[in-house]
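Before any comments, here is the structure.
Derivation of every value follows stated rules applied to the coordinates shown; laboratory data play no part. Computed from a predicted model, the values in this text were never measured in an experiment. No Cβ is skipped: glycine too gets one built from the backbone with ideal geometry, and neighbour counts run over all protein chains shown.
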């Protein structure tokens, strides 16, 4: 095998299709006499072709042997910040075993720190910067003595103990020129990604894509995207698509044209995309829904109007809420993302974010509402301004994210390369260290399982999620440890969530002095048990110290003994009657 493209290392339970490296492999196989292959460990994990715990550090040798079994002459590692250190360790292992194999590092992360990577690690032969479609064959030609390295654009390499950075590869002007992809996989994903464009015109301080894509927006034409959809439908029977672009709705005229054509063709597909809330209006949303849009990813980042300006996002919070309501009106699901611990963020800013999160979860019922700690990626404005204040928190590294304790010293030596694994100097991150786990895996889950109980609990804590968090914080380290096992071992996430649920129930029963909350929890638990019960024909009678039907109908709390019958219809709807 002339070249193997290795996908970024990450855990996965679903089959995906890494567009970038498959595109490069397609170009190599179609436009040269070289042979290439893609290795995706996320997919191998999803297909159960490798051990579930292969990404644990003790199994890095297994990964190395698997790659070497393909007899590659060149190995190109696609790098992402979350697993960059794993790619480096595997590459070093390979070079130690066979020094003749040429190692190329490419992809988003190394494109932001290429010269420093080469300077630090001598087992890497070449770093490819930015887009690779125009130089991938030239790189292979160089390793085969058919091209001078000085003529290969867009790469870093060593020459006379110096790091040389060749002229950058120009960005592709016309994305329609890219080839269609052939999906050479044993099992196809149910949803196929289609790259619809590259680049984002905005300048958010936490984002590195503006460095990678140079803030130049390039879109595939409507006809090209339609043809790709037809290609995958006809050849593989796929009818669900992820449209991949940081800002699919960047151009209103284009999105309206595209959606109108989908409606006219009546293709019967479902599709997802990413968008900024301020690029959507009712005209666009209505047409997107008609054309088959089923889900949109919205990066809101912060509910604080002040912080929107600080991070150069500049969304208007009232307009964000209006957009969310419009998407809900037209039946489009949402994934809504937030960040906390941003530079200069204060507690009052975080409270505004949590207020908006509660709106998304409790009022708009958006199940995929998440918040994440701010990460400092190379090439971002945050990195340039905050890199000297970064600290390494071992708990942050190996607890929940990366159970690789033996490599902590290795990572700590290179903050410039692994800055996203370090911690920003943030009072909020220190004080609310597990807030992301609390919101994403505790509050969010229970808000949909016991919706009224969670509201009453938050009310008990002076209507503050943060007060609730602080009282529950002692349990969260154990929750994080459970999630670590879920992410990197064989544990089932549903089992972990059940354990979390039991933990919260025990906490409520031991900690809360409000007897109504305990009765409400008992009531909503009974609803859930009724839904999950195998025998749904017989009604189950339960007694309560409060009139729970009255509360559910009017939110009035009346302490009065009542007996209720729980039953489930054929449609799995719970019906509750008074037992008189």
Translational diffusion coefficient (Stokes-Einstein; Kirkwood radius from C-alpha pairs) of region 190-374 at 10 °C, 1.306 mPa s, in µm²/s:
92
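Semi-axes of the chain's equivalent ellipsoid from the Cα gyration tensor, sqrt of 5 times each eigenvalue, largest first, rounded to whole Å? Numbers along the way, then the final one.
On the way: eigenvalues 408, 156, 116 Å².
After scaling each eigenvalue by five and taking roots: 45, 28, 24 Å.
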For residue 413 and residue 515, what does the FRET efficiency come to when R0 = 56 Å and r is the distance between their Cβ atoms, rounded to the nearest 0.05?
0.50
For region 3-165, what relative contact order do you get, as a whole percent, if you take Cα pairs closer than 8 Å and at least 6 residues apart?
20
Add -39500 (n - 2.57) for each DSSP H run of 4 or more in the chain, then divide by its residues: what number comes out at 222 nm, to the nearest 500 deg cm²/dmol?
-12000 deg cm²/dmol
Counting alpha carbon pairs within less than 8 Å and at least 6 residues apart, what relative contact order, in whole percent, applies to region 163-292?
24
Under a plain spin-label model, where a point goes 7 Å from the Cα along Cα-to-Cβ, how far apart in nm are residue 68 and residue 100?
1.4
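For an R0 of 41 angstrom, estimate the FRET efficiency from the Cβ-Cβ distance between residue 348 and residue 555 and round to the nearest 0.05. Don't skip to the end; give the middle numbers.
Working: r = 29 Å, r/R0 = 0.70.
Efficiency at R0 = 41 Å is approximately 0.90.
For residue 461 and residue 387, compute 0.36 nm times the residue count separating them, minus their Cα-Cα distance, and round to one decimal in nm.
Working: separation 74, 0.36 × 74 = 26.64 nm, distance 3.66 nm.
Computed gain between residue 461 and residue 387 is 23.0 nm.
From the mean inverse distance of alpha carbon pairs (Kirkwood) and the Cα radius of gyration, derive Rg over Rh for region 1-115.
On the way: Rg = 13.5 Å, Rh = 14.4 Å.
Using Cα coordinates only, the ratio equals 0.94.
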Degrees between helix 317-329 axis and first principal axis of the chain (Cα, 0 to 90, nearest 10)
80
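May I ask you to order 501-510, 21-30 by the average number of other C-beta atoms within 10 Å around their residues, highest value first? Walk me through the numbers before you get to the answer.
Working: 501-510: 15.0, 21-30: 19.7.
Going from most to least packed, we get 21-30, 501-510.
May I ask you to derive the FRET efficiency for residue 329 and residue 180 from their Cβ-Cβ distance with R0 = 30 Å, giving the value to the nearest 0.05? Present the calculation step by step, with values, prior to reporting the outcome.
Values: r = 36 Å, r/R0 = 1.20.
After rounding, the FRET efficiency stands at 0.25.
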Tell me the relative contact order for the chain as a rounded percent, counting alpha carbon contacts under 8 Å between residues six or more apart.
9
Helix 252-265 axis, angle to the chain major axis (alpha carbon atoms, nearest 10°)
80
Dimensions of region 110-227 along principal axes (Cα, Å, largest first)?
50, 38, 28
What is the angle, in °, between the Cα long axis of helix 347-358 and the longest principal axis of the Cα atoms in the chain? Nearest 10 is fine, range 0 to 90.
70
Taking the Cα centre of each part, how many Å lie between region 52-89 and region 119-198?
19
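What is the Å³ per residue value for the convex hull set by the Cα atoms of region 516-578? Numbers along the way, then the final one.
Details: hull volume 4.5 nm³, N = 63.
Output value, Cα hull per residue: 72 Å³.
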